[in-house]
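What follows is a single structure, written as structure tokens, with notes after it.
The values are calculated or read from the model by the stated rules, or taken from the named source; none is laboratory data. Because the structure is a prediction, the values reported are computed rather than measured. A quick note on method: Cβ atoms are made from the backbone with ideal geometry, for glycine too, and the neighbour counts reach across all protein chains shown. Just the protein is used for accessible areas: all its heavy atoms, side chains included, with ligands, DNA and RNA removed. Shrake-Rupley method; radii C 1.70, N 1.55, O 1.52, S 1.80 Å.
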Amino acid sequence: MAEEFLYLQIYRTIKEKIITLELPPGAAVKEREMAEQLGTSRTPVRDALQRLAWDGWVSTGEGKKYLVKELREKDIYDMYCFRTQMEAMALEKIFEKDSSRLIAGKLDSILSEMIKVEGRLYDFTMKDLEFHKTILDFEQNDYVMKVWMTMVEELIRMTLASQKIAKDYLNPKKEHQDIIDALWKKDKAISIEKLKSHYVRATERIAKTLKEGVFVENIK
């Protein structure tokens, strides 16, 4: 029982390192080195890595090592295209219910919190995801939120990658403000347009990160 509990702890620890880019895309994870780092035997580490491989976070490499899942440009495009479609439909519902200013107020509050944590990549990323989840939450569609929950961990990894350099914060804050402003003005077309342009730029930021091949080492 203790061994099973330890394996789950190690699984969560390694997955967190992957999600937060402490273990960047393509990094090699070796059983022995990870066991030494975590101060445990290799067996629970091996079990944890096998489950991570099953869940798609790592793939098996040569010898007793695993490779962290790459961030592929196609995956990024597909994910952000899907997010755009889901949130655009949520915005349609918001305007149907004449609730754009209600949502604008909530988003404005979250954006203020985002600004307060500027420079803290992980915290900023979590506020960014809260911003977009608030738009989706309006529909109160359980199936949409289930899909969101299956995506959120990979979204954290992608968003962290897109925010890897401090100077990149300026545009995302402005892009979020543009969405809020359009909601305050009750302009559905501009709200959706600003949402779509925000995701286009986000995709471009992540693609740029991939091409540079540089990721954050200390992001918490």
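Measuring r between the beta carbons of GLN140 and LYS208 and using R0 = 41 Å, the FRET efficiency lands at 0.70.
Note on the chain: with a GNM built from Cα contacts shorter than 10 Å, the maximum mean-square fluctuation among LEU102, LEU183, LEU136 falls on LEU102. The helix-only estimate of mean residue ellipticity at 222 nm for the chain, built from DSSP H runs of length n ≥ 4 each weighted as -39500 (n - 2.57), is -24000 deg cm²/dmol after division by the residue total. In terms of overall dimensions, the C-alpha atoms belonging to the chain reach 59, 37, 31 Å along their principal axes, ordered largest to smallest.
Run the dipole for the chain about the Cα centre, Lys and Arg Cβ at +1, Asp and Glu Cβ at -1, nothing else charged, and hand back the magnitude in debye, nearest 20.
Working: 38 positive and 38 negative charges, 68 e Å.
Dipole size: approximately 320 debye.
Note on the chain: GNM, Cα springs under 10 Å; of GLU33, GLU130, GLU175, the largest mean-square fluctuation is that of GLU33. Residues in the chain average 54 Å² of solvent-accessible surface per residue, probe 1.4 Å, ligands and nucleic acids excluded.
Legend: helices of the chain (whole DSSP H runs) are marked when their alpha-carbon atoms reach 30 angstrom or more along the helix axis and their mean Kyte-Doolittle hydropathy is at least -0.5; marked are 73-96.
Computed FRET efficiency, Cβ-Cβ of GLU92 and PHE5, R0 41 Å: what is it to the nearest 0.05?
On the way: r = 46 Å, r/R0 = 1.12.
Taking R0 as 41 Å, the efficiency between GLU92 and PHE5 is 0.35.
Note on LYS64: lysines with a C-alpha under 17 Å away, same-chain residues under 8 apart excluded, are LYS30.
Return the inverse of the average 1/r over all pairs of distinct C-alpha atoms in the range 55-114, which is the Kirkwood hydrodynamic radius, in Å to one decimal.
Values: mean 1/r = 0.0663 Å⁻¹.
Final number for the Kirkwood radius of the range 55-114 is 15.1 Å.
The share of Cα pairs per 5 Å bin across the range 9-52, counted from zero up to the longest distance, runs 6, 25, 35, 27, 8, 0 percent.
How do ASP78, ASP178, ASP142 stack up against each other in accessible area, from largest to smallest, with a 1.4 angstrom probe?
Working: ASP78 65, ASP178 40, ASP142 110 Å².
Descending order: ASP142, ASP78, ASP178.
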